[in-house]
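Q: Below: one structure in structure tokens.
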Amino acid sequence: MTAGPDLNLLRACLSPQPGGYGAVHEDAVGDGELTPAAVLVPIVLHPGQPTVLLTQRTAHLRDHAGQISFPGGRMEAEDSGPVDAALREAEEEIGLAPRHVEVVGFLPEYRTGTGFNVTPVVGFVTPPFDLRLDAFEVAEAFEVPLAFLLDTANHREHEIQWRGRLRRYHAMPYGDRFIWGATAGMIVSLCRRLALLAPQA
């Protein structure tokens with residue numbers, strides 16, 4: 001998939017409610033209780049070339065330090081659901097105001113080996129907007145063309161030994177950046193949902 005993505009098709013491939021398409025499990029998911037979390041998958045509607053807004057986490061964080069991720073985090077008691085959590089976290093982490101975000105649906109839940117059950121909330125983001133990064137959590141925010149992320153030619157699979165077992169994970173190198181783990185896994189989920197609706201050649 002190298003052409004510019006059809007945003008109507010993208011919208012149609014999403015679940016209208018959280019958990020509507022089941023869950024994806026990382027290789028290392030155990031049997032313990034998972035912490036509910038949500039991320040915003042922000043698709044920025046630049047004319048002709050939509051992008052995905054990503055963050056580079058700071059190196060000192062306890063969870064996923066230094067990794068590239070979507071804005072998001074664990075759900076708090078005051079959140080009414082994953083949409084509230086994702087929008088709250090996006091505003092806290094990068095200063096993205098909810099008024100710029102149209103929530104268009106949900107990807108399958110993503111259950112991580114680090115103990116989280118993540119609901120990916122997909123939002124169309126209308127520019128212009130200003131970002132204010134939380135320096136404690138976010139080292140950088142940057143955008144990657146959506147077409148690049150959806151092109152399976154750019155997807156890789158890797159294996160590592162982790163906690164005594166072989167773990168497989170997705171990755172998408174982009175320039176000098178390495179998008180991998182849960183973030184790459186959620187992008188793969190989006191690709192697979194789109195493939196179900198894409199016209200067959």
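Q: With aromatic (Phe, Trp, Tyr) and at pLDDT below 95 as the only criterion, which of Phe142, Phe136, Phe124 stands out?
A: Exactly one of Phe142, Phe136, Phe124 is aromatic (Phe, Trp, Tyr) and at pLDDT below 95, namely Phe136.
Q: Oh, and also: Can you name the condition, by its number, that Thr112 falls short on among (1) in contact with a strand residue (DSSP E or B) (Cβ under 6 Å, 6 or more places away or on another chain); (2) within 13 Å of Met186 (Cβ to Cβ)?
A: Exception for Thr112: condition (1).
Q: Among the residues of the stretch 66-82, are any surrounded by 14 or more Cβ atoms within 10 Å (Cβ to Cβ), in contact with a Ser or Thr (Cβ under 8 Å, 6 or more places away or on another chain) and small (Gly, Ala, Ser)?
A: yes
Q: Output the residues belonging to the stretch 90-115 that are without any contact (Cβ under 8 Å) to a residue 60 or more places away in the chain and over 25 Å from Tyr174 (Cα atoms).
A: Once the filter is applied, which keeps residues that are without any contact (Cβ under 8 Å) to a residue 60 or more places away in the chain and over 25 Å from Tyr174 (Cα atoms), the stretch 90-115 yields Glu91, Glu92, Ala97, Pro98, Arg99, His100, Glu102, Val103.
Q: Could you pull out the residue among Pro47, Pro18 that is in a loop (DSSP other than H, G, I, E, B), touching a helix residue (DSSP H, G or I) at 6+ places or on another chain (Cβ under 7 Å) and either surrounded by fewer than 13 Cβ atoms within 10 Å (Cβ to Cβ) or not aliphatic (A, V, I, L, M) (or both)?
A: Going through Pro47, Pro18 in turn, the sole match is Pro18.
Q: Determine which single condition Val24 fails, assuming it passes every other condition in (1) farther than 20 Å from Thr112 by Cα; (2) hydrophobic (A, V, I, L, M, F, W, C); (3) at pLDDT below 95.
A: For Val24, the exception is condition (1).
The values are calculated or read from the model by the stated rules, or taken from the named source; none is laboratory data. Quick caveat: nothing in here was measured; it's all calculated off a predicted structure. A quick note on method: Cβ atoms are made from the backbone with ideal geometry, for glycine too, and the neighbour counts reach across all protein chains shown.
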